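J.: First, the structure itself, so that you have it in front of you.
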Amino acid sequence: MKDVAKIGYIWDSIPSQLARENKKFLYQAVKTGARARDYEDALLWLIQAGLVYKVNRSNKPNLPLMAYDDLSAFKIYLLDVGLLRRLAQLDPNVFIEGNRLFVEFKGALTENYILQSLVKQFEVMPRYWASEGKAEVNFLIQHEDQIIPIEVKSDENIRSKSLTYYHQTYQPPVRVRYSLKNLDWNTGLLNIPLFLADQSKELIRLAKM
């Protein structure tokens, strides 16, 4: 019975976990005084049940990705963006009306949407990358012999200091940005419209040719 309660606490905390600018999962945000050793089994149950995705932070964007996981830092997303909307008790009208109070959480929903699309298309679970105090890239995907950085934008504001910093540091041959902008390929940067997320693998393949 205690484990059921802990699972519920974690589940209910996910919207608030993703609402923060730094979406790193914090056990303290689940319940006051919560500790990892008390809640990690409940979180593992949610992961193994396929209800949530655990995205580890990568210390270094090298192959294989899993060899460079920082096991102390990760983010938790839901398996479906519709569930996140419902869990956050958001009325569907906020998407249509562009409510100004919805701006911050819009980014969390968009990231969740892109992640669930990537998981279905690529064999390796995406990671995220962060340089302390400098930059954070939403996702890294391992595709064939490359690590591809991904930036997610929920609107037409496509400026990204983090993706630029990553590019300057690691010089990836392909980098991807999701936004409301049209499909575009320009000097190694592939912009994929959000509605084409499920075609990402094929679009990346074409970009690499």
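The values are calculated or read from the model by the stated rules, or taken from the named source; none is laboratory data. Not measured: the values here are computed from a predicted model. No Cβ is skipped: glycine too gets one built from the backbone with ideal geometry, and neighbour counts run over all protein chains shown.
J.: Can you pull out every residue in region 25-42 that is modelled with pLDDT of 95 or more and part of a loop (DSSP other than H, G, I, E, B)?
T.: Answer for region 25-42, where residues must be modelled with pLDDT of 95 or more and part of a loop (DSSP other than H, G, I, E, B): 25, 26, 30.
J.: I'd like the residue in region 148-160 that is farther than 10 Å from residue 175 by Cβ and modelled with pLDDT of 90 or more and, out of all such residues, is nearest to the chain's Cα centre (by Cα).
T.: In this case the residue turns out to be 152.
J.: Search region 51-71 for residues being touching a helix residue (DSSP H, G or I) at 6+ places or on another chain (Cβ under 9 Å) and without any contact (Cβ under 8 Å) to a residue 12 or more places away in the chain, and hand back the single one that is nearest to residue 36 (Cα to Cα).
T.: By that ranking, first place goes to 59.
J.: Could you count how many residues in region 18-44 are surrounded by 16 or more Cβ atoms within 10 Å (Cβ to Cβ) and not small (Gly, Ala, Ser)?
T.: 9
J.: Which ranges mark the strands (runs of 3 or more DSSP E) fully within region 133-199 that have 3 or more residues being touching a Ser or Thr at 6+ places or on another chain (Cβ under 8 Å), under 19 Å from residue 56 (Cβ atoms) and of a type outside the set (Ser, Thr, Tyr)? So that I can check it myself, show each step before the final result.
T.: Details: elements: 135-143, 146-152, 175-179, 184-186, 189-193.
Where strands (runs of 3 or more DSSP E) fall fully within region 133-199 and carry at least 3 residues being touching a Ser or Thr at 6+ places or on another chain (Cβ under 8 Å), under 19 Å from residue 56 (Cβ atoms) and of a type outside the set (Ser, Thr, Tyr), they are 135-143.
J.: Would you please name the residue that is surrounded by the most Cβ atoms within 10 Å (Cβ to Cβ), looking only at residues in region 82-101 that are at pLDDT 75 or above and in a helix (DSSP H, G or I)? Please lay out each step first, then the result.
T.: Our first condition is that a residue be at pLDDT 75 or above; within region 82-101, this holds for 82-94.
Adding the requirement that they be in a helix (DSSP H, G or I) leaves 82-87, 93-94.
On the way: 82: 14, 83: 16, 84: 22, 85: 19, 86: 13, 87: 14, 93: 9, 94: 16.
Looking at residues that are at pLDDT 75 or above and in a helix (DSSP H, G or I), I get 84.
J.: Turning to a different aspect of this structure: Confirm whether residue 76 is β-branched (Val, Ile, Thr), closer than 18 Å to residue 25 by Cα and in contact with a strand residue (DSSP E or B) (Cβ under 9 Å, 6 or more places away or on another chain).
T.: It is true that residue 76 is β-branched (Val, Ile, Thr), closer than 18 Å to residue 25 by Cα and in contact with a strand residue (DSSP E or B) (Cβ under 9 Å, 6 or more places away or on another chain).
J.: Next up: If I ask for residues that are more than 19 Å from residue 163 (Cα to Cα) and exposed (fewer than 11 other Cβ atoms within 10 Å of the Cβ), which ones from region 179-205 would you list?
T.: 195
J.: Of the conditions (1) at positive phi; (2) under 16 Å from the mean Cα position of the chain (by Cα), residue 200 clears all except one; give me its number.
T.: (1)
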